[in-house]
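Encoded as structure tokens, the structure appears first; notes follow it.
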């Protein structure tokens, strides 16, 4: 269901409920020419506010519970209600009376909330039926990986061949016969490998289906929508350029920065108590060292800056150079330091980094220069995560647990690349809510991680110290 269709249904349902209320209140359609203006404006404001709040986007149902979605919808509905009242007072002849308004609200709100509940849970009860264009060995491997993963909301109906007469049991037919196959197998979407768009035989067939109203999308787009990350082996330079096709300078330079400054100041006041407790813990359990430590990290566009944290390790933690932190069980963590790290008390001083403009609240975690160099050699497109400011928290931090391998770094990069494309107000708010959840439970656990889409070919996994944890960063040398 497209964003336009979701919005139009909301608007039409809002108008219909008020028309029904008008008929019930007056036993006939009374003065519709007067009432249609405020009702129409209210519907427009409802759809606009819902769009701004991200209620029609993938992220609105990707991580949050429906309670959060419903809360945002209530705000949008409140804006629509206010709009109806304001229009009535600007032109008193169009004012909606109290009885009419009460009937309209009590009809529209539950109806629209039910509509959003259906949208939110649609793919749980009625999964999208997907056919995969797969013929070559690489396509068959991707197809098999997707079938084994079984993402929630998708039902893999089978695959379509292109040229060869493949008689496999899962073959629905050939791509050129897709028109009849779609009807026969009730297919909702056709998915294909990105390179098929350059195939002179496949491209016109896919475009014909697209212009006939069928949803046709590359595999990476399907992963974006249902997995909320982008498998690194599917990422191309073209995808990266397309992800920035709509400039978001106003959001990143104005809205996001304003939010960072105001929220940092507020949190510094609210968290002054836990910060003082953390400082006392450092002094009690490790009195010989400093309260804080700074460590060089890589920021936006590769610019280096000094990150500020409460010290949670012994002063000789990195006497032999930078080492990989093994988490709260790291033997270099002094008694009491585990508490600081588990509940992120050691991260509070980074609010000063946000105030200075080195970091943002939400973004990829900043890494040490040596680790960045290592990861850039191991992982394609790793430097892309430096296109925006690093964050105190981020999509990778709340989506993937602690890890210590190159493969863990690759998984987190897949989430970071997804965030780069989909960053927005509501997405950031959802990440912040998820961060509160992760902090309260003391960090994500490895066993809570869901099965992932496997790379093709399978990436190598090493145990070298390649990155700092989003939950526990290694302390700097004294």
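FYI, it's all coordinate maths here, none of it is from the lab. Predicted model, so just to flag it, every value in this text is computed and none were measured. FYI the Cβ positions are ideal-geometry reconstructions off the backbone, even for glycines, and counts take in every protein chain you see.
Of note:
- Shape category assigned to the range 325-440 from the gyration tensor of Cα positions, a/c cut at 1.5: oblate
- Relative contact order (%) - the range 3-122, alpha-carbon pairs under 8 angstrom, separation at least six: 37
- At q = 0.10 Å⁻¹, base-10 log of I(q)/I(0) for the range 3-122 (Debye sum, equal scatterers on each alpha carbon): -0.29
- Protection proxy ranking, peptides 221-234, 383-396, average beta carbon neighbours within 10 Å, highest first: 383-396, 221-234
- Taking packing as the residue-averaged number of other Cβ atoms within 10 angstrom, the listed peptides 42-50, 112-120, 257-265, 77-85 run from highest to lowest as 42-50, 77-85, 112-120, 257-265.
- R0 of 22 Å, Cβ-Cβ distance residue 183-residue 210: FRET efficiency to nearest 0.05: 0.85
- Multiplying the residue separation of residue 52 and residue 237 by 0.36 nm and removing their Cα-Cα distance gives an extension gain of 63.7 nm.
- The packing ranking of peptides 197-208, 417-428, 143-154, highest mean first, is 417-428, 143-154, 197-208, where packing means the average number of other beta carbon atoms within 10 angstrom of each residue.
- Put in line by how crowded their Cβ is, counting other Cβ atoms within 10 Å and starting with the fewest, 164, 378 read 164, 378.
- The range 409-432 and the range 272-295: distance between their alpha carbon centers, rounded to Å: 31
- Summed over all non-identical Cα pairs, the Kirkwood treatment of the range 132-257 gives a radius of 16.0 Å.
- Distance (nanometres) between label positions extended 7 Å along Cα→Cβ at residue 65 and residue 440: 0.8
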